[in-house]
Amino acid sequence: MRIFYQTFGRAKKRFSSFLSRFFKKKRTRIGIYGPPNAGKTTLANRIARDWTGDAVGPVSEIPHETRRARKKEDILISGANGATVTIDIVDTPGVTTKIDYHDFLEFGLDKDEAIIRAREATEGVAEAMHWLREDIDGIIYMLDSTLDPFMQVNIMMVGIIESRKLPILIVANKVDLPEAVPSRIRSAFPQHPVIAVSSLEGKNVEELYEMMIEYFG
């Protein structure tokens, strides 16, 4: 009889664990990647404010304002047809192949501040790559649609993401600017879905949310 109860107890425990895993709310961790000043934090703030009322972090015209990954958890996004996806947004530091402290001098930083900023930015790139290797389920890759997308960093990053077999949405940002040409981004990456938005003004973000549910849900 004791053996029966022990066996029954173990089976009950396993079944309870199974039910807990089965009904546990699934979350997808989405990393927002891209070169500096593409609008990653602006988009992260837009998503967070639209669905939670909170912001993720400050934005700045100075490159590499985001020097540490910032995360906003449990964002429930719902679509027009009732479908939903629950995500954690990870706003990552801008990825680039070159960081030079001289670039920061142009924004009014003194030499010591510029050197510190460059070092922190380099560390931030390493952290972004660590997240990509370890903890990301899907990618929003942000590009400034006023700039040429055929930059080394973009080709390299999209290739790395593809090698990890992660779902990727490419966002052609800043379409509110007259010099924006999102069609260049579509031509550069025809193998991936591309959506043109203004994360600053909110243009086409509803369409982006529908795509996020489809690709990340």
Counted residues in segment 126-150 being part of a loop (DSSP other than H, G, I, E, B) and over 20 Å from GLY217 (Cα atoms) come to 6
If you go through segment 130-144 one residue at a time, do you hit one that is aliphatic (A, V, I, L, M), under 17 Å from GLY94 (Cβ atoms) and more than 13 Å from the chain's Cα centre (by Cα)? no
Counted residues, segment 126-135 - those being hydrophobic (A, V, I, L, M, F, W, C) and either touching a residue at least 60 places away in the same chain (Cβ under 8 Å) or in contact with a helix residue (DSSP H, G or I) (Cβ under 7 Å, 6 or more places away or on another chain) (or both): 3
Tally up the residues in segment 11-40 that are within 24 Å of GLY217 (Cβ to Cβ), in contact with an Asp or Glu (Cβ under 9 Å, 6 or more places away or on another chain) and either among the β-branched types (Val, Ile, Thr) or modelled with pLDDT of 90 or more (or both), please. 8
Give me a count of the residues in segment 70-112 that are aliphatic (A, V, I, L, M), free of Cβ contacts under 8 Å to residues at least 60 places away in the same chain and out of contact with any His (no Cβ under 8 Å at 6 or more places or on another chain). 5
Among the residues of segment 136-145, is any surrounded by fewer than 22 Cβ atoms within 10 Å (Cβ to Cβ) and free of Cβ contacts under 8 Å to residues at least 12 places away in the same chain? no
Considering residues of segment 28-48 that are closer than 13 Å to SER199 by Cα and of a type in the set (Lys, Arg) only, the residue nearest to the chain's Cα centre (by Cα): LYS40
Take the residues in segment 165-190 that are in contact (Cβ under 8 Å) with a residue 24 or more places away in the chain, out of contact with any helix residue (DSSP H, G or I) (no Cβ under 7 Å at 6 or more places or on another chain) and assigned to a loop (DSSP other than H, G, I, E, B), then tell me which one is farthest from ALA83 (Cα to Cα). GLU179
Tally time: how many residues in segment 71-94 are modelled with pLDDT of 80 or more and crowded, with 18+ Cβ neighbours inside 10 Å? 10
Evaluation of THR52 against (1) at pLDDT 55 or above; (2) closer than 30 Å to PHE189 by Cα (one fails), failing number: (2)
Within segment 185-202, take every residue that is among the hydroxyl-bearing types (Ser, Thr, Tyr) and buried (at least 17 other Cβ atoms within 10 Å of the Cβ) and give me the one that is farthest from the chain's Cα centre (by Cα). SER198
Could you say whether any residue in segment 170-177 is at pLDDT below 95, among the aliphatic types (A, V, I, L, M) and within 19 Å of PRO93 (Cβ to Cβ)? no
Hey, THR97 more than 25 Å from ALA48 (Cβ to Cβ), of a type in the set (Val, Ile, Thr) and surrounded by fewer than 21 Cβ atoms within 10 Å (Cβ to Cβ) or not: yes
Note: among VAL153, VAL175, VAL158, just one is surrounded by fewer than 18 Cβ atoms within 10 Å (Cβ to Cβ) and either of a type in the set (A, V, I, L, M) or within 16 Å of the chain's Cα centre (by Cα) (or both), namely VAL153
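The values are calculated or read from the model by the stated rules, or taken from the named source; none is laboratory data. On a predicted model such as this, the values are computed, not experimentally measured, just so you know. Cβ coordinates were reconstructed from backbone atoms using ideal geometry, including for glycine residues, and neighbour counts include every protein chain displayed.
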